[in-house]
Each structure stands twice: as structure tokens, then as C-alpha cells.
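Let me begin by presenting the structure, written as C-alpha cells, before commenting on it.
The numbers here are math on the coordinates, done by the rules we state, and not lab data. It should be emphasised that the depicted structure is a prediction, and the values quoted were computed from it without experimental measurement. FYI the Cβ positions are ideal-geometry reconstructions off the backbone, even for glycines, and counts take in every protein chain you see.
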Amino acid sequence: MANHKSALKRIRSDREKQLRNKYQHKTTRNAVRSLRALTDKKEAEILLPSVVAKLQKLAKNNIIHKNKAANLQAKLTKHVAAL
């Protein structure tokens, strides 16, 4: 157990950040999954910018690695172009 008041506050804030990061990561993964499942090119082109923005936000906040975000963006863009 923590011995200092600041350590207790840090534990609380870390938990809140963990929950927020987990929610954002899961939401983005679901968005990527739904984009991959689309077969209509028009719908996919509309959805792609929002998914890319979510990936970039996760990379900026170090929730996922920047190279992973870049790889996912490239693959999704290629997928949409091939539809």
C-alpha cells in the first residue's frame, strides 16, 4: 500500500488513464475491423479518414507504436483502393 498522499493520487489517476486508453484502443480496433469488412468503396472512402485520425491519435499519445499506426494506415488505404 502507498505511504504518501501523492502516491495514492497517482494510483487513482493511473487507473483513470488506463481505462481511457483501453476504451480508445478498443474503439479504434473495432473501427479498423468494420472498415476491413466493408465491400462498398464509397462507404469505405467515407470511413477511412476517421479511422486514420483515430490511429494517429493513439500513436501521438503512445497508446500504440507510431510504426504500427503507420502500417495499419497503409494497409487500410491499400484495401480501400483495391475495392
### Summary
Within region 26-83, the count of residues that are more than 14 Å from the chain's Cα centre (by Cα) and either under 27 Å from Asp14 (Cβ atoms) or assigned to a helix (DSSP H, G or I) (or both) comes to 17
### Query
Within region 26-83, how many residues are surrounded by 11 or more Cβ atoms within 10 Å (Cβ to Cβ) and at positive phi?
0
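Look through Ala31, Ala74 and report the one residue that is without any contact (Cβ under 8 Å) to a residue 24 or more places away in the chain, in contact with a helix residue (DSSP H, G or I) (Cβ under 9 Å, 6 or more places away or on another chain) and of a type in the set (A, V, I, L, M). Can you show your working first?
Working: Ala74 fails: in contact with a helix residue (DSSP H, G or I) (Cβ under 9 Å, 6 or more places away or on another chain).
Only one candidate passes the filter, namely Ala31.
Take region 1-25 and flag every residue that is part of a loop (DSSP other than H, G, I, E, B) and either in contact with a Phe, Trp or Tyr (Cβ under 8 Å, 6 or more places away or on another chain) or surrounded by 10 or more Cβ atoms within 10 Å (Cβ to Cβ) (or both). So that I can check it myself, show each step before the final result.
Let us first name the residues in region 1-25 that are part of a loop (DSSP other than H, G, I, E, B), namely 1-4.
Ala2 - this is the single residue of region 1-25 that is part of a loop (DSSP other than H, G, I, E, B) and either in contact with a Phe, Trp or Tyr (Cβ under 8 Å, 6 or more places away or on another chain) or surrounded by 10 or more Cβ atoms within 10 Å (Cβ to Cβ) (or both).
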